[in-house]
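Comments concern the structure below.
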Ligand SMILES: C[S@@+](CC[C@H](N)C(=O)[O-])C[C@H]1O[C@@H](n2cnc3c(N)ncnc32)[C@H](O)[C@@H]1O
């Protein structure tokens, strides 16, 4: 079996987030199972979730030797409330490693990659939900432009939407490669020391987020985890772009509450029962990003349920 995805911030999570006393971990974004393989190897029990049944089946096969230490559930972490209830109060660490896996680019056949002559699908789940092809081939020009701008931060969104609409009036844009080739020339000039970004990068990101409603589930996922976490337990979330990161930051803030000044140099949260493990998000080290460029944009934030809750 070929494993494509290198788990991000794994060393840091192993050393700074996971504690020797932790027994029960929830991995809400199993993927090919990189983080979970580590947790199982460290003797932990893991409950793992992924909404993509194909990658979940692959991870189960990879991790089969761990037997009953691993249980899995296929579904959206936003809908995992009932699942969490089974062992409510026993979870020491919940991990959410957001976005998609290298598996999706390289093996899924669902049109995530620029080079692929694959149908423009991009759905993590099967069934009859919206596909990237439906957006590209049927949405009005201004809605495509708005989508690329809002979910991709694409500055040339209007020009891109215009080109898409003109092309599709001749023939439908059927493959990921056809769309990527069409948008290639919108590439921004390379920034100093960085590799030249493909012109379709932001548009593809926006399509993927829209097709899977990615931003709609994060808050509910965190709230499910928080409701059933053990006292002293931690929720660790890794994000890969600013829209995700802002949502995680705001959701965490709704737990930690407003800060009050203790004196002019120090602030502390009003006794909410929650605190942040780190004031600033943790980034991958230069060594890690050299070895795994996908880690370049990763940001890790960790919310802690205090034990015992503060007496304020
Ligand atoms: C970045 S990958 C996880 C990689 C994994 N940590 C590893 O080391 O192999 C994110 C995974 O989360 C899944 N996913 C994304 N959104 C989800 C959601 N709302 N509920 C459940 N799974 C989700 C994706 O299908 C993908 O497999």
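The values are calculated or read from the model by the stated rules, or taken from the named source; none is laboratory data. Because the structure is a prediction, the values reported are computed rather than measured. Here Cβ is always computed from backbone atoms with ideal geometry, including for glycine, and neighbour counts include all displayed protein chains.
From 130, 124, 56, 120, grab the single residue that is farther than 14 Å from residue 24 by Cβ, outside the structural domain of residue 18 (by TED's automatic domain parsing) and within 10 Å of the ligand (Cβ to nearest atom).
Among 130, 124, 56, 120, only 124 is farther than 14 Å from residue 24 by Cβ, outside the structural domain of residue 18 (by TED's automatic domain parsing) and within 10 Å of the ligand (Cβ to nearest atom).
Which residues, taken from the range 209-257, are within 23 Å of residue 136 (Cβ to Cβ) and without any contact (Cβ under 8 Å) to a residue 12 or more places away in the chain?
213
Go through (1) at pLDDT 95 or above; (2) under 30 Å from residue 45 (Cβ atoms); (3) touching a strand residue (DSSP E or B) at 6+ places or on another chain (Cβ under 8 Å) one by one and return the number of the condition residue 89 breaks.
It is condition (1) that residue 89 fails.
Quick one: residue 149 ticks every box in (1) assigned to a helix (DSSP H, G or I); (2) buried (at least 21 other Cβ atoms within 10 Å of the Cβ) except a single one, so which number is it?
Of (1) assigned to a helix (DSSP H, G or I); (2) buried (at least 21 other Cβ atoms within 10 Å of the Cβ), only one is false for residue 149: (2).
Yes or no: residue 37 within 13 Å of the ligand (Cβ to nearest atom), outside any helix (DSSP H, G or I) and within 21 Å of the chain's Cα centre (by Cα)?
No.
Within the range 189-206, can one find any residue that is over 24 Å from residue 280 (Cα atoms) and within 14 Å of the ligand (Cβ to nearest atom)?
Yes.
Quick check: anything in the range 63-73 crowded, with 23+ Cβ neighbours inside 10 Å and either modelled with pLDDT of 95 or more or not in a loop (DSSP other than H, G, I, E, B) (or both)?
yes
Scan the range 76-89 and give yes if some residue there is over 21 Å from residue 218 (Cβ atoms), buried (at least 18 other Cβ atoms within 10 Å of the Cβ), in contact (Cβ under 8 Å) with a residue 40 or more places away in the chain and touching a helix residue (DSSP H, G or I) at 6+ places or on another chain (Cβ under 8 Å), otherwise no.
No, the range 76-89 contains no residue that is over 21 Å from residue 218 (Cβ atoms), buried (at least 18 other Cβ atoms within 10 Å of the Cβ), in contact (Cβ under 8 Å) with a residue 40 or more places away in the chain and touching a helix residue (DSSP H, G or I) at 6+ places or on another chain (Cβ under 8 Å).
Hey, can you tell me all the residues within the range 9-28 that are crowded, with 22+ Cβ neighbours inside 10 Å and either within 8 Å of the ligand (Cβ to nearest atom) or not in a loop (DSSP other than H, G, I, E, B) (or both)?
Listed by number, the residues that qualify are 13, 25, 26, 27, 28.
Hey, any hits in the range 206-219 for a residue that's within 16 Å of residue 253 (Cα to Cα) and at pLDDT 95 or above?
yes
What are the residues in the range 40-53 that are more than 21 Å from residue 113 (Cα to Cα), in contact with a strand residue (DSSP E or B) (Cβ under 7 Å, 6 or more places away or on another chain) and not in a loop (DSSP other than H, G, I, E, B), if any?
Hits for the range 40-53 are 40, 45, 46, 47, 48, 49.
Take the residues in the range 216-262 that are near the ligand (Cβ under 10 Å from one of its atoms) and outside any strand (DSSP E or B), then tell me which one is farthest from residue 303 (Cα to Cα).
Only one residue tops the list, namely 216.
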